[in-house]
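Novice: Attaching a single structure in structure tokens format; questions to follow.
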Ligand code: GDP
Ligand code: ZN
């Protein structure tokens with residue numbers, strides 16, 4: 001393994017030269033755990049490292065701090081000492097989103113991803129609005145969008161081609177492929193993109209075939225570490241989330257809970273959007289807590305009776321509310337777990353940081 005295998009280019013070389021002091025090494029962050037990061041060095045060695053005090057202090061916001069996929073300058077500690085991330089190199093691309101809730105904090109999901117593959121199918125998952133959202137996200141990141149219209153074996157060719165055509169029309173720059181993951185066609189397409197040094201990630205609704213593709217790329221059943229167990233709040237392993245893997249046949253893959261959350265978040269919005277007209281009607285219901293099921297003064301039921309609203313759409317809307325409730329219940333629960341973890345993590349990090357600052361002061365003979 002060399003730095004090139006990991007995606008090192010002239011861009012990073014130049015940036016590194018400007019910041020690096022003697023004995024600092026370039027490394028790429030592949031995993032974030034509760035208290036530190038794992039990085040790969042040019043010889044393929046994996047080291048654990050912590051964010052240096054100055055880097056912490058200089059960060060204006062969370063997004064400035066190192067994230068999985070970032071190239072960093074690492075100062076290796078001695079036998080006893082920690083390895084310290086001294087600098088984060090500028091990002092070529094940055095896959096991020098607004099943090100959930102009211103805060104306008106930006107969360108970096110993964111840095112320096114070259115290609116984002118949006119997976120969908122020509123059947124139930126096909127939704128141009130959702131595609132549009134994904135494209136917006138990808139465009140903002142600076143990565144190249146690639147689309148797989150997967151599960152091609154389940155639909156007739158005309159339907160697949162029509163779906164692909166509509167996506168191309170929506171996003172003329174995107175490369176759109178019709179694939180069947182179960183027939184290994186998806187793998188073939190992904191391999192075209194996964195040249196040495198290229199980092200790829202996959203997004204898309206659940207059930208479209210992402211795990212199938214990931215497993216084929218990894219060549220074996222692979223357990224992503226650190227999936228949070230929603231019942232116990234514990235990770236399946238000791239490490240937590242966010243991983244970048246060097247693939248056996250070249251290229252790298254990022255898969256992490258952040259990317260999976262992007263799906264939930266887009267899907268809820270898309271669901272709501274597709275029934276915006278019915279949602280509008282609820283404003284005219286007599287009671288604010290109208291359940292639209294035999295309630296007095298229900299505007300939706302009135303609209304159905306008068307033929308202004310299709311009865312099937314009305315039924316869909318009733319189910320949709322349940323779906324959205326369920327979705328947000330799951331998301332809230334997840335968010336609570338994540339926040340609880342986050343608080344604990346920042347306490348741990350802060351404690352380490354205080355210790356370190358104190359240590360540095362002691363060394364300099366300050367009080
Ligand atoms: P994910 O939620 O996006 O990770 O989707 P999965 O990879 O778990 O796939 C969901 C289901 O669809 C699984 O039963 C897969 O075997 C199946 N599946 C995935 N890709 C294809 C495909 O190209 N054709 C067909 N027929 N089934 C597929
Ligand atoms: Zn109502």
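Novice: Based on the mean of other beta carbon atoms within 10 Å per residue, what is the order of 35-42, 106-113, 247-254, 76-83, most packed first?
Specialist: The packing order, highest mean first, is 106-113, 35-42, 247-254, 76-83.
Novice: Per the Kirkwood definition applied to all pairs of different Cα atoms, how many angstroms is the hydrodynamic radius of segment 48-164?
Specialist: Result for segment 48-164, one decimal place: 17.0 Å.
Novice: For 315, 162, what ranking results if the residue with the fewest other Cβ atoms within 10 Å of its Cβ goes first?
Specialist: Ranked by crowding around the Cβ, least crowded first: 315, 162.
Novice: Listing 33, 179 from the residue with the fewest other Cβ atoms within 10 Å to the one with the most, what is the order?
Specialist: Neighbour counts put them in this order, fewest first: 33, 179.
Novice: Another question about this same structure. Please figure out what share of the DSSP beta bridges in segment 87-207 is antiparallel and state it in percent, rounded to the nearest 5.
Specialist: 25
Novice: Another question, if that's okay. Going by how many other Cβ atoms sit within 10 Å of their own, how do 134, 314 line up, fewest first?
Specialist: Ascending Cβ contact count within 10 Å gives the list 314, 134.
Coordinate-derived values only; no laboratory data. Being a predicted model, the structure only gives us computed values, none of them experimental. FYI the Cβ positions are ideal-geometry reconstructions off the backbone, even for glycines, and counts take in every protein chain you see.
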